[in-house]
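The values are calculated or read from the model by the stated rules, or taken from the named source; none is laboratory data. Keep in mind it's a predicted model, so treat the numbers as computed, not measured. Glycine also receives a Cβ, built like all others from the backbone with ideal geometry; neighbour counts cover every protein chain displayed.
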Number of protein chains: 2
Amino acid sequence: MSITANDPKRKTWLDTPKDTDFPIQNIPFGVFLTRDDIITIGTRIGDYAIDLGALHQLGYFEGIPLTDDIFLQDTLNDFISDGKKTWRLVRNRIADIFDAENSKLKENKDHRNTVLFTLDEIEMQLPVQVGDYTDFYSSKEHATNVGTMFRDPENALLPNWLHMPVGYHGRSSSIIPSDIPVHRPIGQILPKGASQPVLAPSKRVDFELEMAFITTDANVLGEPIPIEEAEDYIFGMVLFNDWSARDIQTWEYVPLGPFLAKNFASSVSPWIVTLDALEPFRTTGPKPEKELLPYLQSKGKKAFDIKLEVALKPENSEETTVSKSNFKYMYWNMSQQLAHHTVNGCPVNSGDMMGSGTISGPTPDSYGSMLELSWKGEKPIKLNDGSERKFIEDNDTVIMRGYCEAKDRRIGFGEVRTKLLPVFEPKKK
Amino acid sequence: MSITANDPKRKTWLDTPKDTDFPIQNIPFGVFLTRDDIITIGTRIGDYAIDLGALHQLGYFEGIPLTDDIFLQDTLNDFISDGKKTWRLVRNRIADIFDAENSKLKENKDHRNTVLFTLDEIEMQLPVQVGDYTDFYSSKEHATNVGTMFRDPENALLPNWLHMPVGYHGRSSSIIPSDIPVHRPIGQILPKGASQPVLAPSKRVDFELEMAFITTDANVLGEPIPIEEAEDYIFGMVLFNDWSARDIQTWEYVPLGPFLAKNFASSVSPWIVTLDALEPFRTTGPKPEKELLPYLQSKGKKAFDIKLEVALKPENSEETTVSKSNFKYMYWNMSQQLAHHTVNGCPVNSGDMMGSGTISGPTPDSYGSMLELSWKGEKPIKLNDGSERKFIEDNDTVIMRGYCEAKDRRIGFGEVRTKLLPVFEPKKK
């Protein structure tokens, strides 16, 4: 079945901004609260949000095997469970409904009023209920930077790193959508030279520029996913800001890995861009530097050329772009990550989220965290308003953006935007 | 509100074995499939499983604020969300219904036939949908043994260990109930002296004797749970076998912690014993060896005297008890774990599961893993049938049991029993 939704010649009858992340070739999936306080599953074209629950009730998905309430849900999990064939049928159909040549919905004002929303009429929600969240550590530049800073510049990469996509489990309950603010965490910190820790607000709150992919039900307990099948189980991707508290991390992380330094929040962009929509932007990833075990040998273009940016915006001030990176820098691709994750038979379900790890590029302006950009705080970053940052300050907003670029359009992710609030103050009783 | 269900003088009109783990003072909660292929929430007294969905439909919970379908669900999550007051009302009511002095259900044969099942008529399910699973590392003896084996006997505990309950995130999707077999995992292993890893079946599959507690909705993003309130958010406990593959772990775990060495399976006992039922078995835990930060200072008896055993049963052979331990050995208690987990504002929800970490006691026969019992395989364990074990062999069954003991009864957890199958063979297509 071909992905006709990707046809670059297609135009839509909807009025869309020229440089939108969401042309009719994108058709992402998300969940939103409407003006009537109803939660529904939707898509976005230009600056319109489209209620797929309403479209389905009006019969626009006739002929596609969907349950009646598949879009009238507060998460995409069940739709994602329907599998790649169904996602593709739905995405192709949406492209047809909004095609400039198709007047059916265009000329039905009642239907139009029912299914179309402007962005100020909706509130985006977390798109999936995340069953399990795994974070990989798959940028060689990032792993090298961190190893150089904290261990040994001569042996920055640990011995396993070039042989497997190192990863660990994260916390699902603190994954939040864009626009939900986060409090500066408090935690145990060991002051320099001290032997006793203190409980204090983190002084080194950081972002991590990541992307995450969302899976469908992939396997049962015990069954590995072969690398050549891995992409069949990937629904799509989001931008992912894996908030980190570096001073809490340093003290807590041995021997079992980061815990409270990470699980206070991770923020995601609310529209899941499908792997199908990213198809035209495939590229070749870095060549493996070591001979890989066969279960990790991937063939063909398994990397994606997705331009990424991070901006910092102090309260009542302008934005400064502090990093420009690209998803294609990842040493390990998503197929390798999923094959590795399941080689022991670990079950992967609909709505699971897998983060890439911080995506740092080869140059200092492409590093994906303040830890690297300010080199542990030794080289503060200058912002456009004249202020400086080593890490994130109270009331700063971190904005991540990502998009693929073709000649005449871009397929983008929009943004994930999160304000860092001061430490939580319990309400007086 | 008093916990009348714990009244030690109470007797039941049900015929119960003298030494049962499930006297009328226990009243655990679980989920089972009935002879009619219906999933329901239930409890257990002696060797009877009791259908709470049916009891509720028959009006036996009148006066307790419960939705009609609260027990007609395939997980306990919604019931757990109802909170401690409701759990206690329901448990007290169940004790009354089955009290020897109460003839209402006893003398209604139709009702009895509807709600009572023998154990061979049901199939126990996973009791909760686990949102997030956290594993702590809270036995000082276990951490010391592992540190001695793999690092430095003089400095076996890492510097943070005595200051915080060290923990990390685990995988929810591979948590399974008792009686579901597990395949020996394959994974990357670095052979001794080699510089290149191989992909091979783990040769060092191990159990970890743990207990886990299950939480209710406790806090919102950003809000810590004070230690003195922590127990209000604990519904109950289960036995927990945190399967581990030691050779995979050794190679993969730096720097982000265990991943595929653990996430192939964790097995739980299917009946959740409430914290209320464990109330009479409180005891004092080990005295902290370092002055703790105030948020971790717990008052009163926060440990529980729960006797634990692990038995190994080779295929077609008899069981051998290989370890006898006790939950009271835990250096960090559950209140400390929950206060620590949320000090940074990490949200805890209904159905989250928190493992204790391997529960090793002070003597070699009380160690909670084969790694420790056989000291890395250097001292094989002799089984009753004459065979020896360094780690778990194909078709061995691992059985964990746990119970609290009073003068004339025990409050127990039953068992978690899991057979280790050989490596998974994909079906031929």
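Annotations
Quick grid of which residues meet (1) within 15 Å of residue A:162 (Cβ to Cβ); (2) assigned to a strand (DSSP E or B):
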| residue | (1), (2) |
| --- | --- |
| A:285 | yes, no |
| A:292 | yes, no |
| A:301 | no, no |
| A:308 | no, yes |
| A:312 | no, yes |
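- Some residue of the range B:102-110 being surrounded by fewer than 18 Cβ atoms within 10 Å (Cβ to Cβ), in contact (Cβ under 8 Å) with a residue 24 or more places away in the chain and in contact with a Phe, Trp or Tyr (Cβ under 6 Å, 6 or more places away or on another chain): yes
- Selection status of residue A:163, closer than 27 Å to residue A:265 by Cα and surrounded by fewer than 23 Cβ atoms within 10 Å (Cβ to Cβ): no
- Sub-7 Å Cβ pairs linking a first residue in the range B:24-43 that is over 17 Å from residue B:236 (Cα atoms) to a second residue that is assigned to a loop (DSSP other than H, G, I, E, B) and hydrophobic (A, V, I, L, M, F, W, C), at least 6 apart or interchain, are B:32/B:122; B:33/B:122; B:34/B:122; B:40/B:71; B:40/B:72, ordered by first then second residue.
- Condition check for residue B:354: in a strand (DSSP E or B) and within 14 Å of another protein chain (Cβ to nearest Cβ): yes
- When residue B:338 is tested against (1) more than 14 Å from every other protein chain (Cβ to nearest Cβ); (2) in a helix (DSSP H, G or I); (3) of a type outside the set (D, E, K, R), just one condition goes unmet, and that condition is (1).
- Filter result for residue B:75 (surrounded by 15 or more Cβ atoms within 10 Å (Cβ to Cβ), out of contact with any helix residue (DSSP H, G or I) (no Cβ under 7 Å at 6 or more places or on another chain) and either at pLDDT 95 or above or farther than 22 Å from residue B:281 by Cα (or both)): yes
- If you go through the range B:386-405 and keep only what is exposed (fewer than 14 other Cβ atoms within 10 Å of the Cβ) and either of a type in the set (A, V, I, L, M) or not in a strand (DSSP E or B) (or both), you end up with just B:386.
- With respect to the conditions (1) in contact with a helix residue (DSSP H, G or I) (Cβ under 7 Å, 6 or more places away or on another chain); (2) over 27 Å from residue A:6 (Cα atoms), residue A:386 lacks only one, and its number is (1).
- Failed item, numbered, when residue A:151 is tested on (1) in contact (Cβ under 8 Å) with a residue 12 or more places away in the chain; (2) more than 30 Å from residue A:52 (Cα to Cα): (1)
- Within the range B:314-335, restricting attention to residues that are among the aromatic types (Phe, Trp, Tyr) and in a helix (DSSP H, G or I), the residue that is surrounded by the fewest Cβ atoms within 10 Å (Cβ to Cβ) is B:329.
- In the condition set (1) within 22 Å of residue B:415 (Cβ to Cβ); (2) assigned to a loop (DSSP other than H, G, I, E, B); (3) of a type in the set (A, V, I, L, M, F, W, C), residue B:64 is compliant with all but (1).
- Residues in the range B:236-258 that are hydrophobic (A, V, I, L, M, F, W, C) and closer than 30 Å to residue A:200 by Cα were compared, and the one that is surrounded by the most Cβ atoms within 10 Å (Cβ to Cβ) is B:256.
- Hey, residue B:218 hydrophobic (A, V, I, L, M, F, W, C), in a helix (DSSP H, G or I) and modelled with pLDDT of 95 or more or not: no
- Residue within the range A:260-283 that is facing another protein chain (nearest Cβ under 9 Å), surrounded by fewer than 19 Cβ atoms within 10 Å (Cβ to Cβ) and aliphatic (A, V, I, L, M) present: no
- The number of residues in the range A:69-106 that are under 24 Å from the mean Cα position of the chain (by Cα), aromatic (Phe, Trp, Tyr) and assigned to a loop (DSSP other than H, G, I, E, B) comes to 1.
- Within the range B:158-180, tally of residues that are at the interface with chain A (Cβ under 7 Å from one of its Cβ atoms) and not small (Gly, Ala, Ser): 9
- Candidate set from the range A:185-216 (those that are of a type in the set (D, E, K, R), surrounded by fewer than 23 Cβ atoms within 10 Å (Cβ to Cβ) and within 29 Å of the chain's Cα centre (by Cα)); member that is farthest from residue B:294 (Cα to Cα): A:204
- Looking only at the range A:263-273, residues that are in contact with a strand residue (DSSP E or B) (Cβ under 6 Å, 6 or more places away or on another chain) and not in a strand (DSSP E or B) come to 4 in all.
- Of all residues in the range B:181-193, those satisfying the criterion of being at the interface with chain A (Cβ under 9 Å from one of its Cβ atoms) and of a type in the set (A, V, I, L, M) are B:182, B:186, B:190.
- Residue check for residue A:362: part of a loop (DSSP other than H, G, I, E, B), assigned by TED's automatic domain parsing to the domain that holds residue A:141 and more than 29 Å from residue A:148 (Cβ to Cβ): no
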